[in-house]
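Let me begin by presenting the structure, written as structure tokens, before commenting on it.
The values are calculated or read from the model by the stated rules, or taken from the named source; none is laboratory data. Values in this document were obtained by computation on a predicted structure and should not be read as measured data. Neighbour counts run over all protein chains shown; Cβ positions are idealised from the backbone, glycine included.
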Amino acid sequence: MVLDIKGLTNYLKVGIKFKLISFTASLLLIVISFLSFLVLNGIKSYQNKETQAILFKQKDIFEEYFSERMSLNKNTNYDDSLARGSIFNKAWLRTIPANIYNTKGELLSGFKTDAKLNENDEKKIMIDYAIKGKVSYREINDVIYFYSPIKYKGSTAAILELEYSIRENKLFYSDIEKLFYGIGFLALVLGIFVGIFYFSRLTRDIYEMKDSVESIQKGEFSKVHKVNRNDELGELSSGLIFMSNTIEQNIEELQVERDSLSRAVDKLKKMDKQQKEFIGNVTHEFKTPITSIKAYADVIGMYTDDLKLIEEGTLSISKECDRLSSMLDNILSLSALEKYDFEIEKNEVNLKKVLNEICKTMMAKVKKNSLILKYDAEDIVVTLDEDSLKHILINLIDNAIKYNKPGGSIYIQCYKNDKDKIIISVKDTGIGMSEEVLSKIFEPFYRADKHRSRETGGAGLGLALVKKLVEKQEGNIKVNSKLNEGTTFCVEFST
């Protein structure tokens with residue numbers, strides 16, 4: 001199932017806010033209508049009960065008055081007593097229009113007489129109903145016509161008709177109804193506006209979380225923001241933030257692992273290439289002296305009587321054997337440094353003293369090549385492996401001699417810089433190196449000038465050993481050179 005984010009977005013923008021406001025408005029409308037119905041119905045019920053109470057009270061007063069009058073006029077019959085208009089002269093009875101009917105339904109007297117009503121069939125039915133001893137009433141326009149039997153000594157003596165106006169009640173009810181409609185409308189409008197304000201913030205937070213989900217899908221984790229709410233939406237937003245951070249962290253870890261694997265693959269390829277070059281170089285370097293040894297041996301065998309030739313051949317064979325031995329020692333040392341993490345013996349070493357000893361040792365070779373050697377060393381004591389340090393210095397000075405120009409110079413410095421680092425620099429005015437050569441000089445068997453290296457007895461292992469020895473003592477070696485302008489090697493150790 002594919003999640004249509006765009007469609008969901010459109011639905012949210014069009015639907016959620018409208019639905020929530022519509023639901024709130026509908027709920028308010030139902031509640032207001034229900035409350036209005038209850039209140040208005042209660043008012044109407046109260047008015048009806050109050051009207052009935054007034055009418056029944058009026059009927060009871062009239063009945064009591066009629067009984068008293070009949071008791072005083074014992075010889076008067078019901079119709080004669082009721083036919084006299086004086087009965088309605090009482091103030092309490094004139095407030096409500098009334099008519100008196102005998103038990104035959106004939107009008108005897110009244111406050112007002114309406115011939116049309118008298119002829120009304122429905123009115124006759126109501127009178128007949130009252131003659132049977134029951135109370136009845138009906139509502140016409142704004143008037144209630146009340147019919148009740150008048151009892152005297154347990155029997156129906158007459159029928160009382162009261163006309164009670166309920167116009168004021170209806171006006172009051174109408175005013176209350178309008179008031180409720182007005183208040184209800186205002187409450188509905190106010191509720192809608194409050195709903196719009198509240199749900200706008202709610203939907204805004206929902207849209208913001210939706211945007212956060214889209215940002216997570218696009219990998220734009222910096223655009224994921226927390227919604228500050230103390231409810232379920234706030235918890236959901238916190239969950240999104242946690243999920244976003246977790247995904248981002250996992251992606252970063254995967255990228256780191258991918259980069260690490262990529263570097264490992266590149267390193268393996270480089271090592272494979274170096275291994276092939278190493279084997280090729282070793283084979284070539286060993287083949288040259290072995291070929292020379294074999295050639296001299298064959299010549300000696302052919303000319304056994306030529307003592308001078310035998311002497312020259314013997315010296316050449318010895319020289320080539322020394323060269324082979326030196327190469328084997330360098331190869332074994334380099335292999336040991338790369339494969340085994342044996343301990344080096346660090347002791348306090350006086351750099352000035354060591355440099356003086358080495359320079360004195362190398363001075364004969366310097367003079368032989370018509371070079372000038374100068375050195376300047378501070379009296380510094382540092383904890384290093386002395387043998388490794390000597391090997392480093394001898395190799396660097398030897399290279400400065402081999403690749404220098406006749407009449408050139410070598411300048412060696414040893415000092416502590418402002419970063420509290422020990423600096424040993426070996427500078428020459430030799431043939432220098434190109435940028436292409438500089439990137440490869442620390443590789444085993446690499447030689448910038450193969451012809452010159454062979455003449456000087458080099459195999460391209462010296463600088464590779466120097467770099468390994470420097471790194472074993474947590475140091476760093478750098479080289480700066482320009483073609484035909486000389487070379488400077490700079491070794492840095494921590495104090």
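Report, by residue number, each residue of the stretch 446-478 that is hydrophobic (A, V, I, L, M, F, W, C) and either modelled with pLDDT of 80 or more or outside the structural domain of residue 423 (by TED's automatic domain parsing) (or both).
If we filter the stretch 446-478 for residues that are hydrophobic (A, V, I, L, M, F, W, C), which is where we start, we get 448, 459, 461, 463-466, 469-470, 477.
Answer for the stretch 446-478, where residues must be hydrophobic (A, V, I, L, M, F, W, C) and either modelled with pLDDT of 80 or more or outside the structural domain of residue 423 (by TED's automatic domain parsing) (or both): 463, 464, 465, 466, 469, 470, 477.
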Within the stretch 475-487, the residues that are buried (at least 18 other Cβ atoms within 10 Å of the Cβ) and under 17 Å from residue 409 (Cα atoms) are 481, 486, 487
From the option list 34, 62, single residue qualifying as at pLDDT 70 or above, within 30 Å of residue 196 (Cα to Cα) and among the aromatic types (Phe, Trp, Tyr) is 34
Surrounded by 12 or more Cβ atoms within 10 Å (Cβ to Cβ), under 20 Å from residue 136 (Cβ atoms), touching a strand residue (DSSP E or B) at 6+ places or on another chain (Cβ under 9 Å) and modelled with pLDDT of 85 or more: is that true of residue 103 in this structure? no
Residue pairs within 7 Å by beta carbon, gap of at least six or interchain, first lying in the stretch 240-259 and farther than 12 Å from residue 219 by Cα, second of a type in the set (Gly, Ala, Ser) and assigned to a helix (DSSP H, G or I), listed first then second, are 240/212
Of the residues in the stretch 122-147, those that are part of a strand (DSSP E or B) and either within 15 Å of residue 108 (Cβ to Cβ) or outside the structural domain of residue 58 (by TED's automatic domain parsing) (or both) come to 147
Residue set 252, 311; condition modelled with pLDDT of 75 or more, of a type outside the set (A, V, I, L, M) and closer than 30 Å to residue 210 by Cα; output residue 252
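Under 30 Å from residue 54 (Cα atoms), small (Gly, Ala, Ser) and surrounded by 15 or more Cβ atoms within 10 Å (Cβ to Cβ): which single residue out of 155, 165, 212, 148 fits that description? Full working, then the answer.
On the way: 155 fails: surrounded by 15 or more Cβ atoms within 10 Å (Cβ to Cβ); 165 fails: surrounded by 15 or more Cβ atoms within 10 Å (Cβ to Cβ); 212 fails: under 30 Å from residue 54 (Cα atoms).
Criteria check complete, one pass: 148.
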Apart from one, (1) aliphatic (A, V, I, L, M); (2) closer than 20 Å to residue 429 by Cβ; (3) within 60 Å of the chain's Cα centre (by Cα) all hold for residue 366; the odd one out is (3)
- Inspect all residues belonging to the stretch 367-379 and state whether any of them is out of contact with any strand residue (DSSP E or B) (no Cβ under 7 Å at 6 or more places or on another chain), more than 18 Å from residue 470 (Cα to Cα) and basic (Lys, Arg). yes
Residue count, the stretch 365-390, condition in a strand (DSSP E or B), hydroxyl-bearing (Ser, Thr, Tyr) and loosely packed, with under 15 Cβ neighbours inside 10 Å, comes to 1
_Can you find a residue that is assigned to a helix (DSSP H, G or I), surrounded by 13 or more Cβ atoms within 10 Å (Cβ to Cβ) and touching a residue at least 60 places away in the same chain (Cβ under 8 Å) anywhere in the stretch 216-237?_
no
